[in-house]
Amino acid sequence: MTTETWRWDEATWRGHVGRVSAGRSLKPKSWPGGARVAVALSFDSDHETIPLRDAETQPGKLSQGEYGSRVGAPRILSMLERRGIQASFFMPAVSALLHPDEARAYVAEGHEIGIHGWIHERYMQLRPEDERELSLRSADMLERVSGQRPLGIRTPSWDFSDATLSIIREMGLVYDSSLMADDEPYEVLADGQPTGLVEIPVEWIRDDAPYFSMDRYTAVRPHTPPRGALTIWRDEFDAAYADGGLFQLTMHPHIIGHRSRMAVLEELLDHIASHSGVWWATHAEVARYVLDHAGS
């Protein structure tokens, strides 16, 4: 693709912007039971798949991922059970195959399991036919391992190729949670036409990885103390509460699952629980509700 984008005619740049875009807002006037805010917690159970994707097969990197399944996920499940909260877990199929008891535990304890690629591959580096095959295979494998057919997808690293939307529609999924065009749920458009697909938008602000990622060989270093992230997420929730909207949060068991960070998550959930009118929901529950109640 040319880098001289100033040479593009209007049809070209409009075509790029309009290929996948945000349509009507699906923010309802109220949430179930008259709740003021919807809170959708999510965890991307990547575990060992990120180093495996990059062919980093040394024990050090793999052990960092293994922590997510061995320590992080049990801590998270225990915390959610104690608080009576159901959440969404987006799990690469390879993670589910490596840790089938974990995948089954998500479903057995009333949580949602969602698609998160095969081995946390980068969709924008794949041929469309390979992306399609891996997406279909991932959905089938998650259902086979966990017993629950996924209703939604979060693309690995929120990578969204030119083929992704058509694949999602072919699979008949209810929602995606990879795009960032709004704070509130919205309908995804394909070339300006409604698709019926709900977007549960994400944002790097509401993700633990940007604050806490660490790589000893690069300049990637945590620069935000855990309670710095807490301040940001608390402010995000407070604004969502004031708006009567959605507070969505993305976390990873191998990142948030450490002791000092779990303390921050517990404090955040205490803050949220101190408010009246909170609807704790999975991403699938939010998607289904807004489809039925948009504007009402």
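The values are calculated or read from the model by the stated rules, or taken from the named source; none is laboratory data. These numbers were taken from a predicted model, which means no experiment stands behind them. Glycine also receives a Cβ, built like all others from the backbone with ideal geometry; neighbour counts cover every protein chain displayed. For the accessible areas, the whole protein counts, side chains as well, though only heavy atoms, and no ligand, DNA or RNA atoms are used. Shrake-Rupley method; radii C 1.70, N 1.55, O 1.52, S 1.80 Å.
I'd like the residue in segment 244-281 that is of a type in the set (S, T, N, Q) and open to solvent by 10 Å² or more (accessible area, probe 1.4 Å) and, out of all such residues, is nearest to residue 28 (Cα to Cα). So the residue we want is 276.
Each residue in segment 210-253 was checked for being closer than 19 Å to residue 72 by Cα, in contact with a Ser or Thr (Cβ under 8 Å, 6 or more places away or on another chain) and in contact (Cβ under 8 Å) with a residue 24 or more places away in the chain, and 7 pass.
Kindly state which helices (runs of 4 or more DSSP H) lie completely within segment 1-73 and contain at least 1 residues that are at pLDDT 95 or above, in contact with a Gly (Cβ under 7 Å, 6 or more places away or on another chain) and under 22 Å from residue 197 (Cβ atoms).
Details: elements: 10-19, 49-53, 59-67.
Counting at least 1 such residues, we get 10-19.
In segment 65-107, of all residues being among the β-branched types (Val, Ile, Thr) and open to solvent by 20 Å² or more (accessible area, probe 1.4 Å), the one that is farthest from residue 47 (Cα to Cα) corresponds to 107.
Scan segment 124-150 for residues that are part of a loop (DSSP other than H, G, I, E, B) and either within 19 Å of the chain's Cα centre (by Cα) or crowded, with 21+ Cβ neighbours inside 10 Å (or both) and report the count.
Quick first cut of segment 124-150, residues part of a loop (DSSP other than H, G, I, E, B) only: 126-127, 147-150.
Those still in the list that are either within 19 Å of the chain's Cα centre (by Cα) or crowded, with 21+ Cβ neighbours inside 10 Å (or both) too: 148-150.
Of the residues in segment 124-150, 3 are part of a loop (DSSP other than H, G, I, E, B) and either within 19 Å of the chain's Cα centre (by Cα) or crowded, with 21+ Cβ neighbours inside 10 Å (or both).
Cβ separations smaller than 7 Å between residues 6+ apart or across chains give the following pairs from segment 264-276 residues that are under 10 Å from residue 230 (Cα atoms) to residues that are among the β-branched types (Val, Ile, Thr) and surrounded by 15 or more Cβ atoms within 10 Å (Cβ to Cβ): 265/256. The conditions of being among the hydrophobic types (A, V, I, L, M, F, W, C), on the phi < 0 side of the Ramachandran plot and open to solvent by less than 20 Å² (accessible area, probe 1.4 Å) are not met by residue 119.
Pairs are defined by a Cβ separation below 9 Å, a sequence spacing of at least 6 or placement on different chains, a first member in segment 10-26 that is in contact (Cβ under 8 Å) with a residue 12 or more places away in the chain and of a type in the set (A, V, I, L, M, F, W, C), and a second member that is surrounded by 15 or more Cβ atoms within 10 Å (Cβ to Cβ) and part of a helix (DSSP H, G or I); the pairs so defined are 20/164; 20/165; 26/287; 26/290; 26/291; 26/293.
In segment 106-117, the residues that are touching a residue at least 60 places away in the same chain (Cβ under 8 Å) reach residues that are among the β-branched types (Val, Ile, Thr) and part of a loop (DSSP other than H, G, I, E, B) with C-beta atoms within less than 6 angstrom, at least six apart or across chains, in these pairs: 112/282.
Looking only at residues of segment 151-169 that are assigned to a loop (DSSP other than H, G, I, E, B) and of a type in the set (Ser, Thr, Tyr), we find that the one that is surrounded by the fewest Cβ atoms within 10 Å (Cβ to Cβ) is 161.
Just give me the residues in segment 92-123 being in a loop (DSSP other than H, G, I, E, B) and among the β-branched types (Val, Ile, Thr), in sequence order. Steps first, please.
Taking segment 92-123 as the starting set, the residues that turn out to be in a loop (DSSP other than H, G, I, E, B) are 92, 99, 109-111, 116-122.
Scanning segment 92-123 gives a single hit, 119.
Counting only residues that are β-branched (Val, Ile, Thr) and surrounded by 19 or more Cβ atoms within 10 Å (Cβ to Cβ), which one in segment 176-228 is nearest to residue 258 (Cα to Cα)? So that I can check it myself, show each step before the final result.
Step one: list which residues in segment 176-228 are β-branched (Val, Ile, Thr), which gives 188, 195, 198, 200, 202, 205, 218, 220, 224.
Next cut, surrounded by 19 or more Cβ atoms within 10 Å (Cβ to Cβ) only: 188, 198, 200, 202.
On the way: 188: 35, 198: 32, 200: 27, 202: 23 Å.
Taking the candidates together, the pick is 202.
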